[in-house]
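What follows is a short report on a single structure.
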Amino acid sequence: MELAVNGGKPVRESFLPYGQQIIDDRDIEHVLETLKSPYITQGPAIQEFERRVASYVGVRHAVAFCNGTAALHAACFAAGVGPGDEVLTTPITFAASANCVLYCGGTPRFVDIDEWTYNIDASLLEKAITPRTKAIIPVDFTGQPADMERIMEIAEQRGLVVIEDAAHSLGALYKGKKVGTLAHMTMFSFHPVKHITTGEGGMIVTDSDEYDNKLRLFRSHGITRENLQRDDEGPWYYEMQALGYNYRMTDLQAALGVSQMDKLDTFLARRRDIAAYYSKEFSSVAGVIIPYQLPYSDSAWHLYMLRMQMDLFTVDRKQIFNALRAENIGVHVHYIPVYYHPYYRELGYAKGLCPRAEHWYEEVLTLPLFPGMTDRDVQDVVQTVKKVLDYYRK
Ligand SMILES: *Cc1c(COP(=O)(O)O)cnc(C)c1O
């Protein structure tokens with residue numbers, strides 16, 4: 001069969017995105033109930049959603065935010081990141097994992113990735129730590145937890161705060177423990193491509209009372225009615241104790257979050273089934289490397305990435321990407337190394353910083369993966385990837 005990119009008929013008539021939410025009638029009813037209630041923001045749905053996530057993960061506190069990026073910003077504030085401080089993170093992530101450091105006046109330092117998991121290489125961390133290092137932001141890339149035991153060990157020794165970017169890994173396990181219980185603070189995102197959605201939304205979970213207080217302060221202008229420094233003013237009195245933001249989630253979003261939580265385990269099971277099927281099908285395809293999974297981690301499978309041995313093909317990644325898109329398979333690339341972006345280049349970051357990540361970036365593709373995929377969708381992806389790679393293999 002002729003490839004669609006060469007004028008043939010596409011495998012699929014309709015475009016299959018790489019990720020998509022599932023919203024059902026229960027979700028809609030839940031949001032409507034809140035819409036008709038006295039509180040559409042700063043009401044009870046927020047607390048209910050926070051309690052649901054905290055108990056699912058097994059932590060004492062959860063603080064909801066208007067999005068995951070705001071949540072990361074708040075976590076950096078709570079960790080005390082400020083001008084002159086350095087924070088270590090991975091270049092293979094969404095820009096927000098590093099931008100949150102810049103928001104606080106700190107400096108992100110990029111540490112190269114592990115050859116197998118594509119997560120931050122914990123064995124490079126110690127060399128990257130300086131007297132200015134304040135925190136580490138590991139990212140559970142694709143849903144497989146970073147090497148959290150090693151990272152926490154190093155952080156404890158050096159007095160660093162660990163903020164785990166778990167935007168990809170809600171529900172993942174690491175050595176039998178749920179993601180959210182491993183770091184000082186852990187961030188989840190509820191963007192529609194993530195495991196559950198609130199439209200936009202994010203959360204920080206933590207066991208620390210001190211971080212919990214700071215996160216709540218930061219989320220609402222730095223204003224509080226608790227732990228007041230003056231209490232003789234009058235009953236209306238509140239005070240602003242820090243420069244915070246309005247980073248609150250609405251109750252409409254939280255209501256959606258609560259009913260999405262009911263479905264999280266079903267969503268995760270479907271993601272894991274699809275990933276297992278992909279790996280079974282692609283393990284025998286010449287020229288591709290399926291995602292390596294550590295025996296002690298159970299990924300939440302936000303992304304399924306294929307790495308190609310480009311020297312075995314007659315074309316580069318871009319042409320393979322274009323050929324798959326022409327067949328209506330919504331492949332993607334996650335991510336452009338953060339410091340490649342013009343904004344970071346202007347700050348002085350240059351190519352060559354993380355050679356492994358840079359090489360990896362030339363060779364990868366993200367395949368569609370979301371719980372609403374039908375078996376037919378999954379088979380279309382497998383059939384099309386095989387067809388395109390067979391065509392271009394040397
Ligand atoms: C989605 C995502 C974020 C940001 O979350 P938003 O809710 O979109 O602000 C941060 N880090 C990673 C790795 C993400 O995938």
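A few remarks follow.
- Inter-probe distance in nm under a simple model that places probes 7 Å from Cα toward Cβ, at ILE28 and LYS351: 5.0 nm
- DSSP-defined beta bridges in the range 25-261 - what % are antiparallel, rounded to 5: 55 percent
- Karplus-derived 3J(HN,Hα), 6.51/-1.76/1.60, for each residue of the range 24-34, Hz, glycine and proline x: 10, 4, 5, 4, 5, 4, 4, 5, 4, 4, 5
- Cα-based helix-to-principal-axis angle, 317-326 vs the chain, degrees rounded to 10: 90 degrees
- DSSP-loop chymotrypsin sites (Phe, Trp or Tyr not before Pro) across the range 193-271, with at most 14 other Cβ within 10 angstrom: TRP236, TYR237, TYR238
- Radius of gyration over Kirkwood radius for the range 100-168, both on Cα atoms: the Rg/Rh ratio is 0.94.
- Tail weight of P(r) past 20 Å, computed on alpha-carbon pairs of the range 1-92, percent: 66 percent
- TRP116 accessible area, 1.4 Å probe, all protein chains in place, Å² to nearest 10: 150 Å²
- Each residue of the range 229-237 was assigned a 3J(HN,Hα) from its phi angle through the Karplus curve 6.51 cos²θ - 1.76 cosθ + 1.60 (θ = phi - 60°); the sequence is 7, 10, 10, 9, 6, x, x, 7, 5 Hz, with glycine and proline shown as x.
- Summing +1 for each Lys or Arg and -1 for each Asp or Glu among the other residues whose beta-carbon sits under 12 angstrom from that of GLU327 gives +2.
- Neighbourhood net charge (13 Å Cβ-Cβ; Lys/Arg +1, Asp/Glu -1) for GLY199: -2
- The residue list CYS100, TYR211, HIS334 was ranked by how far each Cα lies along the charge dipole of the chain toward its positive end, using unit charges on Cβ atoms, and HIS334 comes out on top.
- For the chain, the relative contact order works out to 23 percent when only alpha carbon pairs closer than 8 Å and six or more residues apart are counted.
- Cut-off 12 Å between beta-carbons: net charge of the residues surrounding MET261, Lys and Arg +1, Asp and Glu -1: -1
- Cα lying deepest toward the dipole's positive end in the chain, options GLN379, VAL31, GLY43, charges on Cβ: GLN379
- Between ALA146 and ASP140, PHE141, the built amide H atoms are under 5 Å apart, and every one of these is 5 or more places off in sequence or on another chain.
- Our estimate of slack between GLU226 and SER283, defined as 0.36 nm per intervening residue step minus the Cα-Cα distance, is 14.8 nm.
- Based on Cα atoms of the chain, Rg over Rh with Rh as the Kirkwood radius reads 1.00.
- Using the Karplus relation 6.51 cos²θ - 1.76 cosθ + 1.60 with θ = phi - 60°, the per-residue 3J(HN,Hα) values for the range 45-52 come to 5, 4, 4, 5, 5, 4, 5, 4 Hz, with x marking Gly and Pro.
- For the listed peptides 362-370, 18-26, 271-279, a ranking on the average number of other beta carbons within 10 Å per residue, highest first, reads 362-370, 271-279, 18-26.
The values are calculated or read from the model by the stated rules, or taken from the named source; none is laboratory data. All values derive from a computational prediction rather than experimental measurement. Cβ atoms come from the backbone with ideal geometry, glycine included; neighbour counts cover every protein chain shown. With ligands, DNA and RNA removed, areas are computed over all heavy atoms of the protein, side chains included. Shrake-Rupley method; radii C 1.70, N 1.55, O 1.52, S 1.80 Å.
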